[in-house]
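As structure tokens, the structure follows; a few thoughts come after it.
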Amino acid sequence: MQRPARFVALSALLFTGVAQAQGEAGLLAWLDREQPRYAELALTLWDKAELGYLETASSALLQGVLAEEGFSIEAGVAGLPTAFVASYGSGEPVIGLLAEFDALPGISQTAAPVREADPEKHSGHACGHHLFGAGSVAAAVAVRHWMEDNGIKGTLRLYGTPAEEGGSGKVYMVRAGLFEDVDSVLVWHPADRNMANPSTTLANKSAKFRFRGVSSHAAVAPERGRSALDGVEAMNMMANLLREHMPQEVRMHYVITSGGSAPNVVPDFAESFYYLRHPEAATLEELWARLIATAEGAALGTGTQMSYEVIHGNHSVLANETLARAMHQRLTEVGGVQYSADDLAYANQLAESLARSETDLAAAAARIEPFAPSRSMGSTDVGDVSWVVPTTEMRAATWVPGTAPHTWQAIAAGGTDIGVKGMMVAAKTMALTATDLLRQPELLRAARSEFEQRRGAGFIYRPLLGDREPPLDYRQ
């Protein structure tokens, strides 16, 4: 007897739903089984804490895991020795995952919940990029097995992106055209909470300002000297006066990286390193010209010579609500970080050092933040990726709630089970969202439509760092 078409269609739909659920259960079970492997990978990266463009061992470790799992590896892409692209599958759609792995200079910490700098280290994963890299690789490998087991067509790419912290590694990869054929990009970042909101950031540009003067004895012949440090200090004074006449959204900060070696020698060289941020790239460029003018004025007034080198430039993130909703749904299904009794004891002790903290740390770590647009006052080179391909980002509670990034507390928690558990929340969410994108062409079309609308007609991507070569020695 021939079955009615409606019955056949319903049966097929039910079968597909069961198969889909079984496939996802297998994917999540695989990630649970493999958690020790990726925890070890993350903590190995945490221990190495390599700086931007110097992440030779960290990059090699990630590439090694991916190669063992059947990914083809293209290393040293975009003129960046530690950047790579790992690919599995073929054809469309093309789904990209991002992985970072650089640490921050000038800060170190053991995994202790109290301040305990590691005397053997002068850098640390204070932004959790060891978890970022290992978690994204775990997600990519899980999806690769799911694709093979379920006969899923398409291309999965893991982009190994170095030097996010001030080196703009992704910008050079975008500029080299490595994302031109990608349909969607998924990314995550360590944090003190779980969220997958359509979030944007500030555009950011930086430069090192170098002043050169004339050295002399500061007491015997001061009139013969022209202090390069005076040039730096004069620029800093004018830049601080400039703050009053900038939009309130601006963030500007600097350090003096070289100011002389002895008080009785008029320094003939001094250098400062500036960051300038604003939500809009066009406004940032206008403000940047005003900052350059302060440096020029400082050189003129102090009788010194000034030059500057743009180190990096990042666009703000172009949010995509379509992709964010899909990821938020998956994060809600996965759930937040579940503390053990030991985790909670550790978190409570660490929280004593925080200026602000949740009263119930376990509840805060497990909570999924409500879906709502947001803006971070930070900056990231993910922004440039988001202007050339639809992109969305989630965050997972790898740090004790109340922890700020770029702190010893972030390093500490990132070296414990708390960090690993947050990483696995991200890996599972990323993996499940990737399966949606590989199976649902209508989701990709909707994300692309929103992307084109937000970007605007006639948009042409221009990197804020111009055509400069990558500053491979900026951390040396």
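The values are calculated or read from the model by the stated rules, or taken from the named source; none is laboratory data. These figures come from a predicted structure and were not determined experimentally. For neighbour counting, all protein chains shown are included, and Cβ atoms are generated from backbone atoms with ideal geometry for every residue, glycine included.
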request  = Determine whether region 421-431 contains at least one residue that is closer than 15 Å to His189 by Cβ and assigned to a loop (DSSP other than H, G, I, E, B).
outcome  = no
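Identify, from the list Ala262, Ala234, Ala228, the residue that is among the small types (Gly, Ala, Ser) and under 25 Å from His278 (Cβ atoms). It would help to see each step written out before you state the result.
Details: Ala262 fails: under 25 Å from His278 (Cβ atoms); Ala228 fails: under 25 Å from His278 (Cβ atoms).
Every option except Ala234 fails the conditions.
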message = Quick check on His315: is it under 30 Å from Gln476 (Cβ atoms), at pLDDT 95 or above, buried (at least 19 other Cβ atoms within 10 Å of the Cβ) and of a type outside the set (Asp, Glu)?
response = yes
ask   = What is the one condition in (1) surrounded by fewer than 19 Cβ atoms within 10 Å (Cβ to Cβ); (2) modelled with pLDDT under 95; (3) not hydrophobic (A, V, I, L, M, F, W, C) that Ser379 does not satisfy?
value = (1)
ask   = Looking at this structure, is Thr44 at pLDDT 95 or above and under 20 Å from the mean Cα position of the chain (by Cα)?
value = yes
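Would you confirm whether any residue within region 453-472 is of a type in the set (D, E, K, R), farther than 30 Å from Gly124 by Cα and touching a residue at least 24 places away in the same chain (Cβ under 8 Å)?
To start, the set of residues in region 453-472 that are of a type in the set (D, E, K, R) comprises 454-455, 462, 467-469.
With farther than 30 Å from Gly124 by Cα added as a condition, the list becomes 454-455, 462, 467.
Then keep just the ones that are touching a residue at least 24 places away in the same chain (Cβ under 8 Å); that gives 454-455.
Within region 453-472, one or more residues are of a type in the set (D, E, K, R), farther than 30 Å from Gly124 by Cα and touching a residue at least 24 places away in the same chain (Cβ under 8 Å).
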task = Return the pairs, sorted by first residue and then second, in which the second residue is assigned to a loop (DSSP other than H, G, I, E, B), the first residue lies in region 178-192 and is aromatic (Phe, Trp, Tyr), the beta carbons are less than 7 Å apart, and the residues are 6+ apart or on different chains.
result = Phe179/Val388; Phe179/Val389
request  = Might you let me know whether region 158-177 holds any residue that is touching a strand residue (DSSP E or B) at 6+ places or on another chain (Cβ under 6 Å), among the aliphatic types (A, V, I, L, M), assigned to a strand (DSSP E or B) and under 20 Å from Ala39 (Cβ atoms)?
outcome  = yes
request  = Restrict the check to region 186-207 and report whether at least one residue is at pLDDT 95 or above, acidic (Asp, Glu) and within 22 Å of Val389 (Cβ to Cβ).
outcome  = no
query = In region 323-339, is there at least one residue being closer than 30 Å to Arg445 by Cβ, surrounded by fewer than 17 Cβ atoms within 10 Å (Cβ to Cβ) and either small (Gly, Ala, Ser) or not assigned by TED's automatic domain parsing to the domain that holds Met423 (or both)?
reply = yes
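Take Val185 and decide whether it is assigned to a strand (DSSP E or B) and buried (at least 24 other Cβ atoms within 10 Å of the Cβ).
On the way: assigned to a strand (DSSP E or B): yes; buried (at least 24 other Cβ atoms within 10 Å of the Cβ): yes.
Answer is yes for this residue.
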inquiry  = Please verify whether Pro105 is closer than 25 Å to Val425 by Cβ and of a type outside the set (D, E, K, R), treating the condition exactly as stated.
reply    = no
note = Of those in region 342-376 that are charged (D, E, K, R) and assigned to a helix (DSSP H, G or I), the residue surrounded by the most Cβ atoms within 10 Å (Cβ to Cβ) is Asp343
